[in-house]
Amino acid sequence: MQFDPTLVQTRYESPLGEMCLAASSRGLVGAWFTNQRYLPAAMDGPKAWAHDGRAPLLRRAVQQLKEYFAAKRRAFDIPLDLGHGTAFQQSVWKSLLGITAGATSTYAALGAQVGKPGAARAIGGAVGHNTISIIVPCHRIIGADGSLTGYAGGLERKTALLKLEGAL
């Protein structure tokens with residue numbers, strides 16, 4: 001994700017570690033664990049997005065994440081801004097939103113759903129580059145054999161999220 005001076009960010013200390021959340025005027029653009037792969041450089045440093053813990057959308061996202069981790073929320077209703085991804089990535093991310101808490105799917109099934117059967121590697125790349133962890137539930141994608149495969153936030157977190165949701 002490139003630097004965009006109109007984005008604002010805040011931090012949230014989740015039960016699984018510190019998270020960075022970022023929003024545009026259109027919706028939430030990111031929710032990352034601070035030590036996960038693909039964390040944008042614009043979270044820190046001289047070109048960091050402005051910190052604004054009072055931004056209504058970021059406050060709402062933090063509140064819903066707190067409810068999720070307290071097992072009081074199974075679905076999110078936050079406006080999302082997926083426009084920073086390619087058309088293909090956006091189609092995959094939108095399909096992820098259809099996987100409900102407590103359920104899982106596979107890369108192959110997701111590929112078939114977005115009209116790209118046999119494109120498991122491309123699907124895996126799009127899932128891996130999802131910028132809105134937990135809320136766009138990429139952690140619900142597992143291997144065809146039921147194995148827990150890659151997660152940018154780490155397999156320990158993926159396991160914890162699936163246990164919280166009752167999928168494991």
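One table, with the values for the structure above:
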| item | result |
| --- | --- |
| Cα-based convex hull volume of region 1-139 per residue, rounded to whole Å³ | 103 Å³ |
| Solvent exposure of the chain as accessible area per residue, Å², 1.4 Å probe | 48 Å² |
| Computed helical MRE - 222 nm, the chain, DSSP H runs ≥ 4 contributing -39500 (n - 2.57), nearest 500 | -8500 deg cm²/dmol |
| Amide H partners (placed H, <5 Å) of HIS51, local residues excluded | GLN9 |
| Nitroxide proxy distance, nm - points 7 Å out along Cα→Cβ at PHE88 and ARG121 | 1.1 nm |
| Whole-Hz couplings from phi, Karplus 6.51/-1.76/1.60, listed for region 77-85; x for Gly and Pro | 10, 9, x, 10, 10, 8, x, 7, x |
| Enclosed volume per residue, in Å³, of the convex hull spanned by Cα atoms of region 29-99 | 124 Å³ |
| Accessible surface of region 34-108, 1.4 Å probe, proportion on carbon and sulfur as whole % | 52 percent |
| Value of relative contact order over the chain, rounded to a whole percent, pairs C-alpha under 8 Å and six or more apart | 22 percent |
| Long-range HN-HN contacts of ILE141 with modeled amide H, under 5 Å | SER105 |
| Beta bridges per DSSP with both ends in the chain, % antiparallel, nearest 5 | 65 percent |
| Karplus-derived 3J(HN,Hα), 6.51/-1.76/1.60, for each residue of region 31-48, Hz, glycine and proline x | 8, 10, 6, 5, 10, 8, 5, 6, 5, x, 5, 6, 7, 9, x, x, 9, 5 |
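The values are calculated or read from the model by the stated rules, or taken from the named source; none is laboratory data. Source: prediction; values computed, not measured. When we count neighbours, we look across all protein chains shown, and the Cβ atoms used for this are built from the backbone with ideal geometry, even at glycine. Surface accessibility is based on the protein's heavy atoms, side chains included, excluding ligands, DNA and RNA. Shrake-Rupley method; radii C 1.70, N 1.55, O 1.52, S 1.80 Å.
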